[in-house]
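Here's the structure we're looking at; comments come further down.
A short reminder: the numbers here are calculations on the coordinates, not readings from a lab. What you are looking at is a predicted structure, and each value in this text was computed from that prediction instead of being measured. Cβ placement follows ideal geometry from the backbone for every residue including glycine, while neighbour counts extend to all protein chains displayed.
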Amino acid sequence: MANLKSQKKRILTNEIARQRNVNIRSRMKTFIAKADEAIDSKDAEAINASLSPALSEIDLAKKKGVIHANSAARKKAHLQHAAAVALKG
C-alpha cells in the first residue's frame, strides 16, 4: 500500500485508466470477432458491413493509446487480407 498521498491518488487514477483501456480493448475485440465471423461465412454483404466498423475500432484503440501503432496496423492488415481472400474466392 502506498504511503504518500500523491501515490494514493495515482493508484486511483491508474485504476480508472485501466478500466477505460479494458473497455476499449474489449469493444475492439468484439468488432474484430464479428468481422472474422463474417469473413468465415464468405458473405460479401456481411463482410462489407462489419469490416469498416472493425477497422475504425482498431484505429480508435490506437488513437487512445490502448494498443501500439504497429499492433493496430497488423490487425488491420490481417482483417483486410482475409476479407480480400474471402471475397475473391
Under the definition of Cα pairs under 8 Å and six or more residues apart, what whole-number percent is the relative contact order of the chain? 29
State which entries of Lys29/Lys64; Lys8/Lys63; Lys63/Lys88; Lys9/Lys64 exceed 24 angstrom in Cα-Cα distance in the structure shown. Lys8/Lys63; Lys63/Lys88
Using a basic spin-label model with each label point 7 Å from the Cα along Cα→Cβ, how many nm lie between Thr30 and Lys5? 4.0
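Once a ≥ b ≥ c are taken as the square roots of the eigenvalues of the Cα gyration tensor of region 43-84, is the result rounded (a/c under 1.5), prolate (a/b larger than b/c) or oblate (a/b not larger than b/c)?
Working: a/c = 4.89, a/b = 1.86, b/c = 2.63.
It is oblate, given that a/c is not under 1.5 and a/b is not larger than b/c.
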Considering only Ile67, Ser52, Ile32, whose Cα is most displaced toward the positive end of the charge dipole of region 5-88, charges sitting on Cβ of Lys, Arg (+1) and Asp, Glu (-1)? Ile67
